[in-house]
Structures are given as C-alpha cells and as structure tokens.
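The values are calculated or read from the model by the stated rules, or taken from the named source; none is laboratory data. Keep in mind the model is a prediction, meaning the values are calculated, not measured. Backbone-built Cβ (ideal geometry, glycine too); neighbour counts: all protein chains shown.
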Amino acid sequence: MKRIHFVTGFPRCGNTLLGSILNQNPKINATSHSIVPDVMMNIHHIKLESGTLPQHWAYKTFPDEKSLDNVLKNVFNMYYKDWSGDIILERGDWLTPYNFNVLTKYFDQEIKIVVLVRTITDIIKSYINLCNQDPRFHINLMYDELDPTTLYKSPLEEKCDLIMQRGNYIDSVLYGIKWLIDNSHKDKLLFIEYDDLVGDTISELKKIYDFLDIEFYNHRLSNLSPFEANGVTYNDEFIGGDMHSIRIDGVEKIDHEIELPAKVMAKYSGLESWR
C-alpha cells in the first residue's frame, strides 16, 4: 500500500513548481490538482441528507452504510493503484471542514498536510497579471458577464473582488485554514510560504521532507521539467490562462509590477491567519 500525504493551499503559491521538483524523486509522485475530494464527496452525498442534497432514493430504501463506507475507505488505494512511486503527495482541497471531516473518517493513515501560502494581496496581483495577459482568463470572462449598468467600481477593483468572491477558491482556503487552526488541527499542517519556497528552496524542501518523515533527496533547481503526473499534463484551455507553466531554467521569485487600488489593499490586507 502506498503512503499518501497531502499538499494544498492557495493558488499562485508555487504548487506546480513544487510538484515538478518533488517528482524528481523516484519514490514520490506529486499529483496535479486532484479530483479525489470531489469523488469522495459525491459518494458520501449518496447517504447524506442536507439542504438541497437529499439522500439517494436507492440508499434511502436500502441503507447499506457498511458497503458504501468500504467504497469510501478504498478510494485512495484504487485511484492511485497504478501510479508509480511509493509515496503519493495528493494535491487536494482538504482544508474545508466538510472535506477534512470526510478525510478523517475514511482515510486510515496519519494525516499530514503541506499548505502553500502567500500574502493575499500578492496572490491577487498574480491573478491580475493573468487577466492582463489573456482576455480568455476565467476572471475576465466572469467580469464580462456582469451587468455593466450595475457596476460602479473600476474594472481592476471589480476583478479583485471577483478573485476574492465568497465561496471561490481563495475564500474557501482562507476559511479552511482558520477553521483548522481554531479547531486544534494545526499540528497536522506545515505552512510553506511562497517567498521562502522560491527564496531558499532547499531549506523549504528539507522542512517538507522532515515533516512527512521521508528521506531527503538531492533535487536539482535548474533544467526543470514541466509538470507531469501519471503520464498526464495540464490543459489550461478550460480556464483560459496559463496557470500551470513553470520556468524550466531555474527557481526565481516573480514580482508583478501591479499597483492595486488603496481600497483593495485595505480590504484584503492582514488576512493571513496562519502567521
């Protein structure tokens, strides 16, 4: 049986870079942004009745919970059965209370989660940079769908608010991190700051290896390979922006010369509850 640990956190924090570097180790297979949490959630919802999600009618008439739980307990083993390596670093959305509780209930190994983090306003700047690069980027498309007669803020400010919209990815990660800390789960988490990851990569890799109790591997930080896992590469056509490319010539911090409006800076500064 493979060892499975978890990597999660905010977008634009070096997830793809870290995965590419870690995958140099033949014992490790770091995944893409995983669908496994959604697989488990959809199976779990068969027996769950909450809000607009009623129990499946077949389960309601024949509630064989033990058999369904057997499926949930074996999702990880079946999904990663044919993947190479002894250790899977699953990049899934496990920070929200619902997902974390499902993980706690059905995952039979010790839970250790590496969480990639970054100053929130810098994440927004990285998103805005993608907006400026490609009109098809999904934030631009969301903005284009807004009713122009209802807009009273600048396009830049509106896009920043879309990036930080309630229920969107960044918001859910912020909520999940705070919930885990408030509920005494911080011992299961290792926070890796983006600036540290790109500024002193080897030191941060050693922290990850120590936290996960894996023998350290001497990684190269130049001549990097584009991210690939299980013979599959990212296709960013769906999101309309280059979210998952990395610089193959080496690790380097990218500073986007983007000035956010003062209102945006005031609104989204100081949200880093993990610090």
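At-a-glance table
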read-out	value
Selection count, the stretch 156-182, where residues are free of Cβ contacts under 8 Å to residues at least 40 places away in the same chain and of a type in the set (S, T, N, Q)	2
Candidate set from the stretch 130-153 (those that are under 15 Å from Phe238 (Cα atoms) and in a loop (DSSP other than H, G, I, E, B)); member that is farthest from the chain's Cα centre (by Cα)	Pro135
Qualifying residue in the stretch 251-266 (condition: buried (at least 16 other Cβ atoms within 10 Å of the Cβ), among the aliphatic types (A, V, I, L, M), outside any loop (DSSP other than H, G, I, E, B) and modelled with pLDDT of 90 or more)	yes
Residue in the stretch 201-210 that is outside any helix (DSSP H, G or I) and out of contact with any Phe, Trp or Tyr (no Cβ under 6 Å at 6 or more places or on another chain) present	no
Evaluation of Lys105 against (1) out of contact with any Gly (no Cβ under 9 Å at 6 or more places or on another chain); (2) part of a loop (DSSP other than H, G, I, E, B) (one fails), failing number	(2)
Any hit, the stretch 11-24, residues being touching a His at 6+ places or on another chain (Cβ under 7 Å), of a type outside the set (S, T, N, Q) and surrounded by fewer than 20 Cβ atoms within 10 Å (Cβ to Cβ)	no
Per-region count, the stretch 57-116, residues of a type in the set (Asp, Glu), surrounded by fewer than 18 Cβ atoms within 10 Å (Cβ to Cβ) and within 24 Å of Ile208 (Cβ to Cβ)	3
Scan of the stretch 20-38 for residues that are part of a strand (DSSP E or B) and of a type in the set (Gly, Ala, Ser), ordered by number	Ala30, Ser32
Number of positions in the stretch 213-249 that are under 18 Å from the mean Cα position of the chain (by Cα) and within 24 Å of Glu110 (Cβ to Cβ)	1
Filter result (over 24 Å from His138 (Cα atoms) and touching a Leu at 6+ places or on another chain (Cβ under 9 Å)) within the stretch 232-252	Ile248, Asp249, Gly250, Val251
Pairs with Cβ under 6 Å, 6+ apart, first in the stretch 106-120 and in contact (Cβ under 8 Å) with a residue 24 or more places away in the chain, second acidic (Asp, Glu)	Val117/Glu193
Members of the stretch 219-244 found to be under 19 Å from Gln133 (Cα atoms) and exposed (fewer than 12 other Cβ atoms within 10 Å of the Cβ), listed by number	Asn235, Glu237, Phe238
Evaluation of Asn132 against (1) in contact with a Leu (Cβ under 7 Å, 6 or more places away or on another chain); (2) within 23 Å of Gly241 (Cα to Cα) (one fails), failing number	(1)
Answer residue from the stretch 166-183, given it is of a type in the set (Gly, Ala, Ser) and not in a loop (DSSP other than H, G, I, E, B) and is surrounded by the most Cβ atoms within 10 Å (Cβ to Cβ) among those	Gly176
Residue in the stretch 193-204 that is out of contact with any Gly (no Cβ under 6 Å at 6 or more places or on another chain), surrounded by 14 or more Cβ atoms within 10 Å (Cβ to Cβ) and over 22 Å from Leu95 (Cα atoms) present	yes
Odd one out for Lys81, checked against (1) outside any helix (DSSP H, G or I); (2) touching a residue at least 12 places away in the same chain (Cβ under 8 Å)	(2)
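Here's the yes/no breakdown for (1) modelled with pLDDT under 95; (2) over 29 Å from Lys178 (Cα atoms); (3) in a loop (DSSP other than H, G, I, E, B):
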{"residue": "Val7", "(1), (2), (3)": "no, no, no"}
{"residue": "Leu18", "(1), (2), (3)": "no, no, no"}
{"residue": "Ile43", "(1), (2), (3)": "yes, no, no"}
{"residue": "Lys60", "(1), (2), (3)": "yes, yes, no"}
